[in-house]
């Protein structure tokens, strides 16, 4: 049985999304969880345009991700393919697209002020906005996740790919962590999902 795209987004957002999809003639594919991205957009050789979004996202993050990717398509269509992927043209297109959805019948009132703040200057990933990312994660089905910012200094943790790190000091926005295998330092988003290793 094929699951419809509309089963993944809030009911109140569905008519507007249907209109956008019809107008733009986009192909949307639902993918299994990808650890490095929530979704993507690409122009296909046959002239069609494809968006993929991860199936594991809650309906609010799914909607934000879908609109993020539609904004890529619309920005390229309007300004051409020489623009920066997350430059000024994409930002203004994304702001224009999301505005009609920033309503209490689409998003919970606890998220709306955070979304409004984020969309003053949207980033390449909503995960870089710590407050918004954590607010959106409250609606995930799987709540037993651990984030880097929750770990004590010096704690060891494992990533989904098996690499093991030790938590270090917080810089301005990111947390310095050392990979135990190589001794190299990496900067982590504070809300990166990790697995604590009991020592």
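Data table
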| read-out | value |
| --- | --- |
| Single match in 134, 114 (criterion: closer than 30 Å to residue 14 by Cβ, surrounded by 14 or more Cβ atoms within 10 Å (Cβ to Cβ) and touching a strand residue (DSSP E or B) at 6+ places or on another chain (Cβ under 9 Å)) | 134 |
| Any hit, region 164-177, residues being in contact (Cβ under 8 Å) with a residue 24 or more places away in the chain, in contact with a helix residue (DSSP H, G or I) (Cβ under 8 Å, 6 or more places away or on another chain) and surrounded by 12 or more Cβ atoms within 10 Å (Cβ to Cβ) | yes |
| Residues (assigned to a loop (DSSP other than H, G, I, E, B), over 17 Å from the mean Cα position of the chain (by Cα), surrounded by fewer than 18 Cβ atoms within 10 Å (Cβ to Cβ) and touching a residue at least 60 places away in the same chain (Cβ under 8 Å)) located in region 53-111 | 103, 105 |
| Residue check, residue 181 outside any strand (DSSP E or B) and free of Cβ contacts under 8 Å to residues at least 24 places away in the same chain | yes |
| In region 164-178, the residues that are assigned to a strand (DSSP E or B) and under 15 Å from residue 147 (Cβ atoms) | 165, 167, 170, 175, 177 |
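Results for (1) out of contact with any helix residue (DSSP H, G or I) (no Cβ under 6 Å at 6 or more places or on another chain); (2) at pLDDT 90 or above, shown as yes or no for each residue.
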| site | (1), (2) |
| --- | --- |
| 109 | yes, yes |
| 114 | no, yes |
| 129 | no, no |
| 137 | yes, no |
| 150 | yes, no |
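The values are calculated or read from the model by the stated rules, or taken from the named source; none is laboratory data. Because the structure is predicted, anything quoted here is derived from the model rather than measured. In this analysis, Cβ positions are derived from the backbone assuming ideal geometry, glycine residues included, and neighbour counts consider all displayed protein chains.
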